[in-house]
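Visitor: Take a look at this one; I'll ask things after.
Where a number appears in this text, it was derived from the coordinates with a stated rule and is not lab data. Just so we're clear, the structure is a prediction, and the values are computed from it rather than from any experiment. So basically every Cβ, Gly included, is an ideal-geometry build from the backbone, and we count neighbours across all protein chains shown.
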Amino acid sequence: MRSLYVGRSEAVAARMMGGEIVVISPEDSSLFTLNAVASCIWNSADGDSTLEQIVRNQVCAEFEVGFDAALEDAAAFVREGSQHGILQVSEQPLPRNPQVVLPTPETKL
Amino acid sequence: MASLCSRESERKTTNAANSSFTVDVGGLAICLRVDDPQFLKLLEQRYAGFQSRTRNTVAAFDISLQRMTEDPDEDLAVQTTGSSVYMRRGDFRADWNMKTGRGRIEQAPSPYAIDSVLRVVYSLLLVERGGFLVHSASAITGNKAYLFAGPSGSGKTTMCRLAGSSVHLLSDEISFVLPDGEAYRAFGTPFYGELARPGEAISAPLDATFILRHAPLNRISAMVRSSALHAVMRNILFFAKEPLWLERVLAAALRFIRIVPVRQMEFLPNPEIWKLVA
């Protein structure tokens with residue numbers, strides 16, 4: 001998993017809610033609320049970066065967490081996300097997903 | 001999108017005026033045209049409280065009654081491509097162009113088929129407008145509306161049966177929610193569950209949503225926002241799987257939970273629970 005490329009699925013809808021991202025899966029309409037670390041991985045899953053790169057360059061840089069522990073948690077998240085169709089993993093770089101996570105209208109309707 | 005029904009009627013025979021029925025839920029009128037007098041009568045009976053004479057309709061369907069041979073219990077399938085919507089179940093097939101408002105329904109002569117088509121159509125019309133159909137009972141008391149959401153068996157119909165005479169029921173099964181400026185409004189619907197009778201065709205500002213759960217006591221408690229979002233999303237009726245629609249539903253739900261309080265309602269099946277509502 002660590003050397004696999006990770007990308008967001010184009011079929012999902014995602015929005016910011018407070019500091020978290022909520023993602024809805026098209027496959028079973030499941031709703032996922034991503035915590036801060038998972039949101040960081042989600043935002044970095046551009047299809048061009050491996051999970052290892054994401055954890056080293058984004059997660060460990062942003063959160064006080066060791067690389068090995070972070071990678072283990074990240075791999076579990078990516079595994080679950082790919083099972084539900086919200087993330088894609090590949091041995092090759094994936095097409096870049098231009099999807100932008102829209103903020104929830106917290107201050108303006 | 002005005003006069004979808006009347007324009008078409010003008011091309012018909014002198015009986016045209018008697019071959020259509022317009023159902024209006026929440027100010028969104030849908031014209032149903034059918035040549036079969038018996039089925040027309042069935043529509044008039046089933047949607048009696050929601051009949052409208054408006055010519056300002058948002059959709060118009062030509063209904064063709066057929067013997068459907070497929071399994072009536074087949075799962076509902078809805079597909080959207082651009083402005084085209086295609087829906088199918090064992091007892092009906094329908095297509096609808098959301099841009100023109102025109103559509104066709106081939107269905108068995110059963111009220112369940114047209115009811116399902118209307119639910120799908122209203123779910124899409126509402127999401128386009130920032131609202132939604134939600135799997136919940138709803139009622140008005142003290143000039144304010146309340147939703148009671150939950151899956152089958154959670155107590156929606158029970159809440160309706162426990163309501164006192166001053167409570168106006170909007171539905172025991174499918175509620176209709178639309179934004180109303182900076183707030184939301186709940187409307188009565190003709191869609192019902194075990195109560196076997198439609199809601200009243202009235203509306204009121206929505207004051208709160210309760211997520212139902214059977215418990216050994218009556219209690220209302222706050223929900224954190226993520227739990228509220230999950231609970232609301234679980235109960236919103238939406239059938240389209242395309243990202244555009246998912247995005248609209250998610251945006252509607254997020255705005256909704258920011259404006260309307262969502263609370264957990266644990267309840268015993270006794271009328272005392274209504275004292276905690278308003």
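Visitor: Only Lys, Arg, Asp and Glu count, each charged at its Cβ (+1, +1, -1, -1), so figure out the dipole size of region B:37-90 about its Cα centre, rounded to 20 debye.
Guide: Around 420 debye, computed over region B:37-90.
Visitor: Right, another one. Just to confirm a number: summing +1 for Lys and Arg and -1 for Asp and Glu over residues other than A:ALA38 whose beta-carbon lies under 14 angstrom from that of A:ALA38, what do you get?
Guide: Taking every Cβ under 14 Å from that of A:ALA38, the sum is -3.
Visitor: If you don't mind, there's one more thing I want to ask. Which semi-axis lengths, in whole Å and largest first, follow from the square roots of five times the eigenvalues of the Cα gyration tensor of region B:4-128?
Guide: Whole-Å semi-axes of the equivalent ellipsoid: 21, 18, 14.
Visitor: Compute from the Cα atoms of region B:132-276 the Rg and the Dmax, the latter being the longest Cα-Cα distance, and quote both in angstrom.
Guide: Cα only, region B:132-276: 14.2, 44 Å (Rg, Dmax).
Visitor: Can you tell which of B:THR209, B:HIS230, B:PRO190 lies farthest toward the positive end of the dipole of region B:185-242, using +1 and -1 charges on the Cβ of basic and acidic side chains (Lys, Arg; Asp, Glu)?
Guide: The Cα lying farthest towards the positive end belongs to B:HIS230.
Visitor: What residues have an amide H closer than 5 Å to that of B:ALA59, excluding those fewer than 5 places away on the same chain, when H is modeled at 1.01 Å from N in the peptide plane?
Guide: Excluding prolines and chain starts, which carry no amide H, the hits are B:CYS31.
Visitor: Further question: Working from the pairwise distances between different alpha carbons, so that the mean of 1/r is found and then inverted, what is region A:5-87's Kirkwood radius in Å?
Guide: 12.7
Visitor: Placing +1 at every Lys and Arg Cβ and -1 at every Asp and Glu Cβ, with all other atoms neutral, what dipole size does the protein assembly as shown have around its Cα centre, in debye to the nearest 20?
Guide: Around 1320 debye, computed over the protein assembly as shown.
Visitor: With a 10 Å Cβ neighbour count serving as the proxy for reagent exposure, in which order, fewest first, do B:ASP180, B:ASP95, B:ASP24 appear?
Guide: Ordered by Cβ neighbours within 10 Å, fewest first: B:ASP180, B:ASP95, B:ASP24.
Visitor: Report the one residue of A:ILE41, B:ILE273, A:VAL22 whose Cα lies farthest in the direction of the positive end of the charge dipole of the protein assembly as shown (charges on C-beta: Lys and Arg +1, Asp and Glu -1; origin at the Cα centre).
Guide: B:ILE273
Visitor: Right, another one. Return one number: the angle in degrees, 0 to 90 and rounded to the nearest 10, between the long axis of the Cα atoms of helix B:243-259 and the longest principal axis of the Cα atoms of chain B.
Guide: Value to nearest ten degrees: 40.
Visitor: Let me ask another. Return the Cα extents of the protein assembly as shown along principal axes one, two and three, sorted largest first, each rounded to a whole Å.
Guide: 77, 51, 40
Visitor: Here's a follow-up. In percent, what relative contact order does chain B have, based on Cα pairs under 8 Å that are 6 or more apart in sequence?
Guide: Reported as a whole number, the value is 15 percent.
Visitor: Using Cα pairs closer than 8 Å and at least 6 residues apart in sequence, work out the relative contact order for chain A, in percent.
Guide: 40
Visitor: Which whole-number value in Å³ per residue fits the convex hull of the alpha carbons of chain B?
Guide: 125
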